[in-house]
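Beneath this line is the structure, given in structure tokens, with notes to follow.
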Ligand SMILES: [Cu+2]
């Protein structure tokens, strides 16, 4: 394992060379979660002469070795950095040019972090409360370090390293040589603000509709049927967080983080007054958590982030009806949701009328990073998903339509799990005679609930912002293939589209 208390004299283990047993999924992820860019990943997993690893002082690959010759001083600058939320403190340091930089990361945060530098030197993952030291090598120019946990660099976990006291350069501009010597920027793009200046993360080009549809044909669909409620009023579940790799198309994979192996996680179902007890187990490689909107509890303990290998118990009583989102609430939440940690709890309103068929559709977004990697945090921040899906896979109900028979009354429960884009839920060729959204009926059996609108009426859309939910009902009058879509059409074309196949 990565040492929590690294002895500078001990050759350090690189992330790709860990000897501890890890799950197959973990193996796939371990190298990936520790890096931000593919180019850096190559540095980290390659067993070759990566900078700094176990070499004698003065030997590590120099940072920012530029055309300007700077002699190593033989001195070491030692710095201690701690964590405050999503920042390193200090977030900027100065190092005399030519010194070896040695950084001790004391993780005073509430989840695991690391500190990796452009030359590949890294503390490895450091658990909350632990610390680790890294020899970065001889500093000859400006550089930076950052946390490689997905999304953390974009949240601001960057350590800016400036040099001071350098010799005058022969640069014709007359630059003093104590500032940027430019070579240190080769990995990181800019200092400080990775969000604006980072190079793209080996940007996977977004899959086409045809590629997504072709792949949806090859795999079974997430079951959308909502089974009738049983007599149970006390519901107990174990939620195990996993970090896996899944196919997006036949040629493209992504890391997906799940509750119990699927995204969305299990659909929980009950009545007002039911009690739920969830045991959350973190089988992943970083901190995770869960937040159930279906309960109203103090978030402090049940929603806390737990480290890999830990578990917690989360009890709530469902006091109000609705289709409620649940999700990982570990920072940055946008990335943890975008990577798949989301799901729904359906709490039926009292006296909910029986229908012939009941389905659930949960919209979510995918922001593809490099092949096999978690979501590209820059795309998440820009709110530009590559793929939008119902129940975790684009176009899966085009390939495997939801079934209905003429004359049946249908109910579709719908949740927008986000993290970022709205859902304008529409069924082509249908009008909703009943719409229930966020706690109440808007239209009920073709009558307005406002007390003013007389005569028959209905609705064409159930509109939901992220984390909102509801249901629609309608009668299937004629046979046909009825498309259901996010009527923000560009999002439908990225996968938020399916088919209800009504047979005669
Ligand atoms: Cu998480």
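The table for this structure:
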item	result
Breaking point among (1) touching a residue at least 24 places away in the same chain (Cβ under 8 Å); (2) more than 24 Å from residue 385 (Cβ to Cβ), for residue 231	(1)
Filter result (farther than 17 Å from residue 418 by Cβ and part of a loop (DSSP other than H, G, I, E, B)) within segment 488-504	493, 504
Condition check for residue 368: over 18 Å from residue 278 (Cβ atoms), without any contact (Cβ under 8 Å) to a residue 60 or more places away in the chain and more than 15 Å from the ligand (Cβ to nearest atom)	no
Test: residue 275 is more than 16 Å from the ligand (Cβ to nearest atom) and touching a residue at least 12 places away in the same chain (Cβ under 8 Å)	yes
All positions within segment 297-311 that are touching a strand residue (DSSP E or B) at 6+ places or on another chain (Cβ under 7 Å) and more than 16 Å from the ligand (Cβ to nearest atom)	297
Qualifying strands (runs of 3 or more DSSP E) (wholly inside segment 295-386; at least 2 residues being farther than 26 Å from residue 472 by Cβ)	311-317
Yes/no for residue 377 being touching a helix residue (DSSP H, G or I) at 6+ places or on another chain (Cβ under 7 Å), surrounded by 24 or more Cβ atoms within 10 Å (Cβ to Cβ) and modelled with pLDDT under 95	yes
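Each row is one residue, and each column tells you yes or no for (1) surrounded by 24 or more Cβ atoms within 10 Å (Cβ to Cβ); (2) away from the ligand (no atom under 15 Å from the Cβ); (3) under 22 Å from residue 233 (Cα atoms).
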| residue | (1), (2), (3) |
| --- | --- |
| 253 | no, yes, no |
| 266 | no, yes, yes |
| 281 | no, no, no |
| 284 | yes, no, no |
| 287 | yes, no, no |
| 295 | no, yes, yes |
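A quick yes/no check of all residues on (1) within 16 Å of the ligand (Cβ to nearest atom); (2) closer than 30 Å to residue 409 by Cα; (3) within 10 Å of the chain's Cα centre (by Cα):
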{"residue": "327", "(1), (2), (3)": "yes, no, no"}
{"residue": "335", "(1), (2), (3)": "yes, no, yes"}
{"residue": "344", "(1), (2), (3)": "no, yes, no"}
{"residue": "387", "(1), (2), (3)": "no, no, no"}
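The values are calculated or read from the model by the stated rules, or taken from the named source; none is laboratory data. Here the structure is a predicted model, which means the values were calculated and not measured. Glycine also receives a Cβ, built like all others from the backbone with ideal geometry; neighbour counts cover every protein chain displayed.
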